[in-house]
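Reviewing the structure listed below.
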Amino acid sequence: MEASTAPWTSCLLDENTFTENFMNRIRPRKTYLCYKVEILDGDARVPLDEKKGFVRNKGANEPGMPRHAECYFLDRIRSWNLDRGLHYRLTCFISWTPCHSCAQELATFLGENSHLSLHIFASRIYRRPGYEAGILTLQAAGAQIAIMTSKEFQHCWENFVDHQERPFRPWVGLEVESQHQCNELQAILQTQAN
DNA sequence: ATTTTCAAT
């Protein structure tokens, strides 16, 4: 269960919320997106820890218009007004890959903000009409897209979860499912490599 | 390979 106030905007993820949404063999009907920001300075990467957090989609069963997690993510980035004279890397760990529409929006955003680069790690591939084209559009816009492996799940656990000092414990089937999703993503990404 | 999946057949 989640906190009752503004569940799609908080600081650290509840352990169960993390597991229930990022466990890659299940298909939750909601999406969580954890993000972090770094300044790229030559080969160095300087983390901006104050700009780290997560967002969640708002479902059709909640008040107001439904909104995908990526929209909230874009809201946050825009609100920061990051310095155009610097270069930033945005990394997000998202429980579903962006849908066609969100992928288009992210791609447009990247096109308008050459000082930002985006790395996406997804737990699993979202398959709704146009999802393949969306992923290709994102890739063409310069985004790096990959499937989360145990390394990324552990990173999320350590950085975005209220883990109470407990170590990350991989679930059964994590590696197999990750490899499976990865194979499918590679197949999509290579579609237009011609 | 099976997937019904940012909910509502």
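Structure notes:
- Mean separation of Cα contacts under 8 Å, 6 or more apart, over the residue count of chain A: relative contact order %: 22
- DSSP bridge orientation in segment A:3-193 - percent antiparallel, rounded to nearest 5: 60
- Of all the options A:LYS151, A:LYS51, A:LYS30, the one that moves most in a Gaussian network model of chain A with Cα springs shorter than 10 angstrom is A:LYS151.
- Residue of A:GLN181, A:GLN164, A:GLN154 that the Gaussian network model of chain A assigns the largest fluctuation, springs spanning Cα pairs under 10 Å: A:GLN164
- Only protein heavy atoms count here; on that basis, with a 1.4 Å probe, A:GLU20 has an accessible area of about 90 Å².
- A Cβ-based charge dipole, computed about the Cα centre of chain A with Lys and Arg at +1 and Asp and Glu at -1, lands at about 440 debye.
- The charge dipole of segment A:24-107, taken about its Cα centre with unit charges on the Cβ atoms of Lys, Arg (+1), Asp and Glu (-1) only, comes to about 480 debye.
- A:ARG127-A:LYS30 FRET efficiency (beta carbon distance; Förster radius 22 Å; 0.05 resolution): 0.85
- Per-residue SASA entry for A:VAL46, accessible area with 1.4 Å probe, Å² rounded to 10: 70
- Only the Cβ atoms of Lys and Arg (+1) and of Asp and Glu (-1) were treated as charged; on that basis the dipole of segment A:102-194 about its Cα centre amounts to roughly 160 debye.
- 4 °C / 1.567 mPa s Stokes-Einstein diffusion coefficient of segment A:105-194, Kirkwood radius on C-alpha pairs, µm²/s: 88
- Note on A:THR149: accessible area is roughly 50 Å² with a 1.4 Å probe, heavy atoms of protein only.
- Point-to-point label distance, A:GLU50-A:TRP171, nm (Cα→Cβ direction, 7 Å offset): 3.6
- Among A:PRO28, A:PRO63, A:PRO170, the largest mean-square fluctuation in a Gaussian network model of chain A (Cα springs under 10 Å) belongs to A:PRO63.
- Where the Cα pairs of chain A fall when distances are cut into 10 Å bins, in %: 9, 37, 38, 16, 1
The values are calculated or read from the model by the stated rules, or taken from the named source; none is laboratory data. The model shown is predicted, which means the values in this text are computed figures rather than measured ones. No Cβ is skipped: glycine too gets one built from the backbone with ideal geometry, and neighbour counts run over all protein chains shown. The area values use the complete protein model at the heavy-atom level, side chains included, leaving out ligands, DNA and RNA. Shrake-Rupley method; radii C 1.70, N 1.55, O 1.52, S 1.80 Å.
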